[in-house]
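Comments concern the structure below.
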Amino acid sequence: MGDKTDVWQGTLALMVLRTLESMGPQHGYGLARRIEQTSGDLLQLNYGTLYPALLKLEQEGFISSSWGTSENNRKAKFYELTKAGHRQLKKAAAEWNQTTAILARFLTPAHEA
Amino acid sequence: MRQLNAFVARLRGLFQPQRLDGDFAAELESHLAMHIDENIRAGLSPAEARRQALIRLGGAEQTRQSHRDRRTLPWIESLVQDIRFGFRMLLRNRAYTAVAVLTLAIGIGVSATAFTWINGVLLQPLGGVADPSRLVTVESVTPGGAWVPNSYPDFVDFRDHLKLFDGVAVTRPVALSVGREDHADRVWGELVSGNFFSVLGVMPQQGRMFLSSEYGDTPGAFPIVVISDRYWRAHLNADPAVVGRTLRINQHELTIVGVAPPAFHGSMPVTAFDLWIPYMQQPVLNGVGTWMLRDRHNRNMLGIARVKQGVTFDQAQQELRVLAERMAQANADVSEGMSATIMPLWKSPHGPQGLLVGPLRILMGVCILVLLIVCANVANLQLARATVREKEFSARLALGAGRIRLCRQVLTESLLLAFAGALLGVAATPFMSRALRYLMPPGPMQQLVAMDTRPNLTVLAFTVGLCVFAALAAGIAPALQVSRTSLSARLNEGGRTGSAGRRNRLRSVLVAAEVALALVALVGAGLFARGFQSTMRIDPGFEPNSVLLSQFYLNTSGYTLEQRKEFCRRLSERMLGAPGVTDIAYSDGVPLGFEPSWWEELKIEGYAPRPNENMNIFRNVISPGYLPLMHIPIVEGRNFNEQDNESDDSPAVMIVNESFARHFFPNSDPIGHKVHGWGSWFRIVGVAKDSKYHYLGESKVPYFYVPFRQLFRTDMSLAFYVRTQGNPESVLSTLRAQTRAIDPNVTVYDAVPLKEFIGASLYPQKLAASLMGILGSVAVLLAAVGLYSVMAYWVAQRTQEIGVRMALGAQPGHVLRMVVMQGLKLTTGGLVAGALLALAMSRVVGAVSFTNSGMGATAKLMGDGGGEPLIFAAAAVFLCALAAFAAWLPARRAASIDPMQALRTE
């Protein structure tokens, strides 16, 4: 993988949920910027892919949306975690942690040996 | 769960495209605005800021599209598009659509009708019963291997001793009169054993069925009746308080205890009964002696049983056989050598289904044939359409449509056509299903036949299956063809037919297939018609013309035996005096009729039967006028006369037929010999010429007659014959008037010319022949249409070529010949294939037989071989002529092409 990494399917949803949890309600552009920042600008997000992902999460009932006004007084659509979204985030995060932990076990000992 | 939520949300998205599109456009707008603001703050020029923002977005249109894909269900959306577009295309070509839809409606309609019948007769013979798959018919088996009904004592033994059955019940269909004397209705019902409903598993919709305390064997103890839903609604206004009311049946009051559910029509497939009465009321209702209930000879009950869960039919059959054989030994005087067997309900030889099963199978086969032709025809039409639309398809390809999408478009249109056809076909199904009644022979059977024509799930599922099958069968070839459309072929106007050759080949194959199938149908129709005709030519041995036959149900008027005989005597006297009447007779059985024929086990003085020889000989109980009226000659001895009566000093006599005489008295004169039956000795006084008794195709069987006055019993039927000088129907009103004059309570219900009535024995053959005839014509017509369309198209395509030929000096005659020869070439290919198919088919169909009048006797539907090559040749010649005609129409157009005109259109 290069310096700037593409986001692969599935993980984007988790990032969105986590970001919404830490930041509270946020609009699409803000979310995109925040995700890039959090990744330490390692991720190069194609903003266009964010919206179908948001739509999917909304259809699944993990987030809800409503129109509001941004900090710069622009009309924007704000996304917010639902209860189901909180649950889903816990579950997905735990799964992800487990997966990485398992993978880490495979990758680290190879170093030591 | 969350997938479901998402699915529902996307489904909702389908219905509000504008609002959601607008919503997302606004969101995207605000996204870009914020991004541009930030870029400007970062020092970019407004134009560059906007450019960068769009790049990071990955394109506004792409984003919108991927958002839209996620928002709705793209496949449904494109399906809706396909359907919409399909509709538009179909509406634009009304003539093409009408032809295709009508063709499909014919194919799907006839198949669905045939399936409705088959479903009603074979697959779900009884409605409203629990688990019909475990129900079986119980038949006694004579030493000769024939199937016969059961006696009441047999039933009691079966009921009390069989362990592998959940119950055995018996039933006997009867005509009953309901209401007060002078305005009684005749209603058909069943006299049933008390456990009848519990064995069938029928639950009441009102009141109750028979209680186990009513299962008993005490004659006259249960004056109760269960009525059908149909009767309840038609005659009792669906009165909810009907339970407890009484019905006057055969002049006896019976209490209604329950109403059967709407789906239940009794224990005979395709037949609807309205009343069910415990069998023990038989002596009261019909004036039958109670001793008959104890007589093992008195076999008139149809058995129906339920095999226990987990028991195979073989095991059940085995148990029944062992028991029946033990019974036969225990009652050797009456039942020696008898056995019993079970069979699926639809195999039962009693009732209409015995006649229907064979013809229905053939019908289904022919329907499939017609459906295939229909599919070939529609495929052909679509191929032709596809050629016309080649330009449209190329344009769509050029604009980026996938080939799969084009295929799908064609298949969608095909499905639309099939669906429209199916709708039309299904709408016609109830009417066609009801036609089954008109196909039944006249007489009581016709009134009894009731087919459940309400659309039911099985038939619906079958039709949907047919619809999809037809759509695929008719759409696959055109769809594949379309997917091969070359991009450039038709975009430029001058493009010559590139793929046309292959397409024409495909269409030719389809037409040849149609011709082949049509030949099969035509040969089939020919074979059946010939079989029917050759049977018709058989001499029945009696003269059925100019005879009016009427069946009386005197039991329903509460007549005693003496009263019945008196009634016959008085009616004869009165009718003989009527103008136009030349002869009168009455008997128990009607020759070549539908009702089972009865027999008696005989002992013949001076004849030692071979071991296991069947001594059950068919008989009829006749008045002295019977043989003369039927024109059956007495070849030896004398006819019965009025002195052969019930008085003690007149000895019992009988007349035997020639076969009887030949078989039992090969070397001596039968006259004067003594024969034992019904517990007494009869003296043979005459020999009558052989005639046909059960069906026209039967071989010679021994048969005998006994005098009405000596042997008529209360459980026998009464058929009354009037021979007239002219049309037999002309004396019907006289018969009605005279009957009323004797007793206003007796009504003449079933009066038909004997000629028509005995047509019953021809019925299965007639049915098969007429169905084949109708469907064969449909098949031939469809094939002709297909051939015509291909030839017309071929000519249209070659207009220029023909123009050139004619400009170079070809004569119109040459052109005509060329086109017709092309058509005949196609036909010949089809004929060869069809002949092979038809040969195979005639082998298979030749084996299909039908059952007639009980006894398990079967007869073939088709005549035996001989004359077949002639039918094949005739069918082939006919099809060739038709093909030539179908090709000649466009050929004439081709021959009249003006060369200049043709070349100018270039």
**Item:** Length gained when the stretch residue B:401-residue B:884 is fully extended (0.36 nm per residue, less Cα-Cα span)
**Value:** 169.6 nm
**Asked** residue A:91: which lysines have alpha carbons under 24 Å from its alpha carbon, excluding same-chain residues fewer than 8 sequence positions away?
**Response** A:56, A:83
**Asked** Using every alpha carbon pair in segment A:11-112, what percent of pairs falls into each 10 Å bin from 0 up to the bin containing the largest distance?
**Response** 14, 41, 30, 10, 4, 1
**Prompt:** With θ set to phi - 60° and the Karplus curve 6.51 cos²θ - 1.76 cosθ + 1.60, what are the ³J(HN,Hα) couplings of segment B:374-379 in order, to the nearest whole Hz, using x for Gly and Pro?
**Reply:** 4, 4, 4, 5, 5, 4
**Asked** For segment B:765-811, what's the radius of gyration and Dmax over Cα atoms, in angstrom?
**Response** 19.0, 59
**Prompt:** How well do other chains shield peptide A:41-54, expressed as the mean number of their Cβ atoms within 10 Å of each residue Cβ?
**Reply:** 5
**Asked** Which angle from 0 to 90°, rounded to the nearest 10, does the C-alpha axis of helix B:457-483 make with the longest principal axis of chain B?
**Response** 40 degrees
**Prompt:** Per the Debye formula with a single identical scatterer at each Cα and no solvent contribution, what log10 I(q)/I(0) holds for segment B:644-727 at q = 0.14, 0.18, 0.22 Å⁻¹?
**Reply:** -0.61, -0.93, -1.16
**Request:** Could I have the simple spin-label model distance between residue B:213 and residue B:246, label points 7 Å from Cα toward Cβ, reported in nm to one decimal?
**Result:** 2.0 nm
**Request:** Just check segment B:699-761 against the gyration tensor rule for me: Cα atoms, a ≥ b ≥ c as the square roots of the eigenvalues, rounded for a/c under 1.5, and otherwise prolate or oblate depending on whether a/b exceeds b/c.
**Result:** oblate
**Fill in**
With R₀ set to 22 angstrom, the calculated FRET efficiency between the beta-carbons of residue B:464 and residue B:12, to the nearest 0.05, is 0.20
**Item:** Kirkwood hydrodynamic radius over Cα pairs of segment B:180-222, then Stokes diffusion coefficient at 4 °C and 1.567 mPa s, in µm²/s
**Value:** 103 µm²/s
**Fill in**
Computed, not fitted: 222 nm per-residue ellipticity of chain B from DSSP H runs ≥ 4 (each -39500 (n - 2.57)), nearest 500, equal to -17000 deg cm²/dmol
**Prompt:** Across 10 Å bins from 0, what is the distribution of all Cα-Cα pair distances for segment B:2-72, in whole percents?
**Reply:** 19, 38, 26, 13, 4
**Request:** Calculate the spin-label point distance for residue B:676 paired with residue B:814, positioning each point 7 Å from the Cα along the beta-carbon direction, and give it in nanometres.
**Result:** 9.5 nm
**Fill in**
So, over other residues within a Cβ distance under 11 Å of residue B:78, counting Lys, Arg +1 and Asp, Glu -1, the net charge is 0
**Request:** Can you figure out the FRET efficiency of residue A:98 with residue A:33, using R₀ = 30 Å and their beta-carbon distance, to the nearest 0.05?
**Result:** 0.50
**Message:** With a cut-off of 8 Å between alpha carbons and a minimum separation of six or more residues, what is the relative contact order of segment A:11-112 in percent?
**Reply:** 29 percent
**Request:** Please give the length that would be gained between residue B:25 and residue B:505 if that part of the chain were fully extended, namely 0.36 nm times their separation in residues minus their C-alpha to C-alpha distance (nm, one decimal).
**Result:** 167.6 nm
**Request:** Throw me the Rg/Rh for the protein assembly as shown, computed over C-alpha atoms with Kirkwood Rh, two decimals.
**Result:** 1.14
**Stretch gain in nm, segment residue B:800-residue B:608, where the contour uses 0.36 nm per residue and the Cα spacing is subtracted** = 60.1 nm
**Asked** Using alpha carbons only, how many degrees (0 to 90, rounded to 10) separate the axis of helix B:152-161 from the longest principal axis of chain B?
**Response** 60 degrees
**Message:** Can you compute the charge dipole magnitude of chain B about its Cα centre, using +1 on each Lys and Arg Cβ and -1 on each Asp and Glu Cβ, nothing else charged? Give it in debye, rounded to the nearest 20.
**Reply:** 4660 debye
**Prompt:** Among the aspartates and glutamates, which fall within straight-line cross-link reach of residue B:700, defined as a Cα-Cα distance under 12 Å, with same-chain neighbours fewer than 8 residues apart omitted?
**Reply:** B:658, B:690
**Asked** For the pair residue A:107 and residue B:545, how long in nm is the line joining their label points, each one 7 Å along Cα→Cβ?
**Response** 10.5 nm
**Request:** Could you pull out which residues in segment B:686-729 have an amide N less than 16 Å from a spot 7 Å beyond the Cα of residue B:582, following the Cα-Cβ vector?
**Result:** B:721-729
**Prompt:** Reachable lysines from residue B:674, Cα under 16 Å, same-chain residues fewer than 8 places away excluded?
**Reply:** B:603
**Request:** Evaluate E = 1/(1 + (r/R0)^6) for residue B:646 and residue B:235, where r is the Cβ-Cβ distance and R0 equals 35 Å; express this FRET efficiency to the nearest 0.05.
**Result:** 0.30
**Request:** Specify the angular offset, from 0 to 90 degrees and rounded to the nearest 10, of the alpha carbon long axis of helix A:47-59 from the longest principal axis of the alpha carbons in chain A.
**Result:** 80 degrees
**Message:** Rg over Rh of segment B:298-345, using C-alpha atoms and the Kirkwood radius, what does it come to?
**Reply:** 1.02
**Complete:** Largest fluctuation, A:88, A:44, A:98 only, Gaussian network model of chain A with Cα springs under 10 angstrom, belongs to A:98
**Message:** How charged is the neighbourhood of residue B:564? Take every other residue with its Cβ under 15 Å from the Cβ of residue B:564, and add Lys/Arg as +1 and Asp/Glu as -1.
**Reply:** -1
**Message:** Taking the Kirkwood radius as the inverse of the mean 1/r across Cα pairs, report the Rg/Rh of chain B.
**Reply:** 1.11
**Request:** Under 15 Å from the Cβ of residue A:34, count the other residues' Cβ atoms, weight Lys and Arg +1, Asp and Glu -1, and hand me the total.
**Result:** -3
**Request:** Calculate the translational D of segment B:554-748 in whole µm² s⁻¹ from Stokes-Einstein, where the hydrodynamic radius comes from the Kirkwood formula applied to all Cα pairs, the temperature is 10 °C and the viscosity 1.306 mPa s.
**Result:** 89 µm²/s
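Read-outs: derived from the displayed coordinates by stated rules, not from any lab. Being a predicted model, the structure only gives us computed values, none of them experimental. Ideal geometry is used to build each Cβ from the backbone, glycine not excepted, and the neighbour counts take in all protein chains shown.
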